[in-house]
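Input: a single structure, listed below in structure tokens.
The values are calculated or read from the model by the stated rules, or taken from the named source; none is laboratory data. Keep in mind the model is a prediction, meaning the values are calculated, not measured. Neighbour counts run over all protein chains shown; Cβ positions are idealised from the backbone, glycine included. Surface areas here come from the heavy atoms of the whole protein model, side chains and all, with no ligands, DNA or RNA. Shrake-Rupley method; radii C 1.70, N 1.55, O 1.52, S 1.80 Å.
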Amino acid sequence: MPRGDSGMKIQEIKEEDLNPEEFIEQKVWEISSTVGDHEAINALSGGVDSSVVTALGHKALGDRLKTYFIDNGLMRDGEPERVASLFEGLGVHVEVVDAKERFFEALRGVRDPEDKREAITRAFYRDVFGDLVRRSGIRYLLQGTNYTDVEETVAGIKRQHNVLEQLGIDTERRYGYKVLEPLIQLRKPAIRKLARALGLPEEIWGRPPFPGPALAARVIGEATPERIEIVRRATRIVEEELSGLRPFQCFAILHEDRVTGMRAGRREYGWQIEVRCWDSEDATTASPTRLPYETLLRLADRITGEVPGVVSVTYNITKKPPSTIEAV
Ligand code: XMP
């Protein structure tokens, strides 16, 4: 069983055992009593976890919760604007911070998956967020770390970028703020239940997971602005074609090796996109969705036709395990 910040074991609360109203009341109380008259800060990505934390924190602290959307240059098409306007519509002001250059700088020349996660962790917590917190003097960070993040990280499967204290990282000493993690006992289905109970729209509670390292988790090798743009365009097509089937997750991955293709009668040494589409309950195990052949052909035609430089499209047919959901 994973351990929490004070070394105590974290006890999972299963979806069927979760009473959302009582849980909300308890967490609102915990947040208000910890933060007291001070302010807290949080980063909203628009995913269900950070959205629920934003809603809980806002309920507990009102305008004393300062919510930021960090535009790291690694998000999907139109995502920063969409998330900010959705929350503004719910009465939560979201400050969008343009941090694209700092993230690409941190990722320059980084190729190894775990090094990429580490570069993003550092750019996020120490540089961009660290700066915001230091400038504001705020001492509390609300964060949507969940039970699966901790479990997979502690088991050494994959280090989730938001897991800090469970790895022995003292955030107060290293970054100057304390991290509050109200969702640490819950897995995704329970968090979705909470999102509904908090009155968040389906666009939020029904939203497929999207990794913290964002599109950098979907580029094999170096995540440059150009390579992120290729995967961003392919991702848009994959989501347009497959989201209607309501898979657990669907996305594109840009491979590093190029292959020989041909276009307009000429040889083109171009990029390869891999499409993944998953059926899963909670991401611990997953199976590739049995997509109709026609759908696969349409994906290949659109991606090679609409994303410059791509000459090959493949579909992943491996289960998790031994695959993982992301490729990085
Ligand atoms: P894997 O790839 O480990 O993914 O099978 C399990 C679930 O976690 C998401 N994922 C991440 N989320 N930071 C995150 O916030 C990460 O570094 C990360 N890696 C994977 C993945 O999308 C899937 O839902």
Dividing the convex hull volume of the alpha carbon atoms of region 2-90 by its residue count, what do you get in Å³ per residue?
-> 143
Residue-wise HN-Hα coupling along region 286-301, computed from phi with Karplus coefficients 6.51, -1.76, 1.60 (Hz; x: Gly, Pro) = 7, 10, x, 5, 7, 6, x, 4, 4, 5, 4, 5, 5, 4, 4, 4
Within a Cβ distance under 14 Å of Asp37, other residues only, what is the Lys/Arg minus Asp/Glu net charge?
-> 0
Round to a whole number: what % of the accessible area of the chain belongs to carbon and sulfur, probe 1.4 Å?
-> 48
Once both labels are modelled 7 Å past Cα along the beta-carbon direction, what's the Lys14-Asp170 spacing in nm?
-> 3.8
Heavy-atom accessible area of Met262 with all protein chains present, probe 1.4 Å, nearest 10 Å²?
-> 150
For helix 48-61, report the angle its Cα long axis makes with the longest principal axis of the Cα atoms of the chain; keep it between 0 and 90° and round to the nearest 10°.
-> 20
Taking the Cα centre of the chain as the origin, how large is its charge dipole in debye, to the nearest 20, when only Lys and Arg (+1) and Asp and Glu (-1) carry charge on their Cβ atoms?
-> 680
May I ask you to work out the translational diffusion coefficient for the chain at 25 °C, viscosity 0.890 mPa s, via Stokes-Einstein with Rh from the Kirkwood sum over Cα pairs, reported in whole µm²/s?
-> 119
Provide, as a two-decimal number, the C-alpha radius of gyration of region 196-328 over 2.2 N^0.38 Å, N being how many residues it has.
-> 1.09
Give the angle, between 0 and 90 degrees and rounded to the nearest 10, that separates the Cα long axis of helix 79-89 from the longest principal axis of the Cα atoms of the chain.
-> 40
Once you charge only the Cβ atoms, +1 for Lys and Arg and -1 for Asp and Glu, what is the size of the charge dipole of region 31-72 about its Cα centre, to the nearest 20 debye?
-> 80
For Arg207 paired with Asp63, estimate the spin-label separation in nm (one decimal), with each label point 7 Å from Cα along the Cα-to-Cβ line.
-> 2.5
Which whole-number percent gives the relative contact order of the chain, counting Cα pairs below 8 Å spaced six or more residues apart?
-> 17
How many angstrom lie between the C-alpha centres of region 90-120 and region 235-279?
-> 23
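Assuming R0 = 41 Å, can you tell me the calculated FRET efficiency for the pair Tyr269 and Arg122, based on Cβ-Cβ distance, to the nearest 0.05? If you can, show how the numbers build up before the last one.
On the way: r = 35 Å, r/R0 = 0.85.
Result of the calculation: an efficiency of 0.75.
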Which angle between 0 and 90 degrees, to the nearest 10, do you get for helix 20-35 versus the longest principal axis of the chain when only C-alpha atoms count?
-> 70
Inter-site label distance for Glu88 and Val259 at 7 Å from Cα along Cβ, in nm = 4.4
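If we count every other residue with Cβ under 15 angstrom of Arg108's Cβ, Lys/Arg +1 and Asp/Glu -1, where does the sum land?
With Lys, Arg at +1 and Asp, Glu at -1, the net is -2.
Taking the Cβ of Val96 as the center, what net charge do the other residues with Cβ under 9 Å away carry, scoring Lys and Arg +1 and Asp and Glu -1?
Values: positive: none; negative: Asp71, Glu81, Glu95, Asp98.
With Lys, Arg at +1 and Asp, Glu at -1, the net is -4.
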Relative contact order for region 3-63, counting Cα pairs under 8 Å that sit 6 or more residues apart, in percent = 33
Rounded to whole Hz and in sequence order, give me ³J(HN,Hα) for region 119-124 from the Karplus expression 6.51 cos²θ - 1.76 cosθ + 1.60, θ = phi - 60°, writing x for Gly and Pro.
-> 4, 5, 4, 5, 4, 6
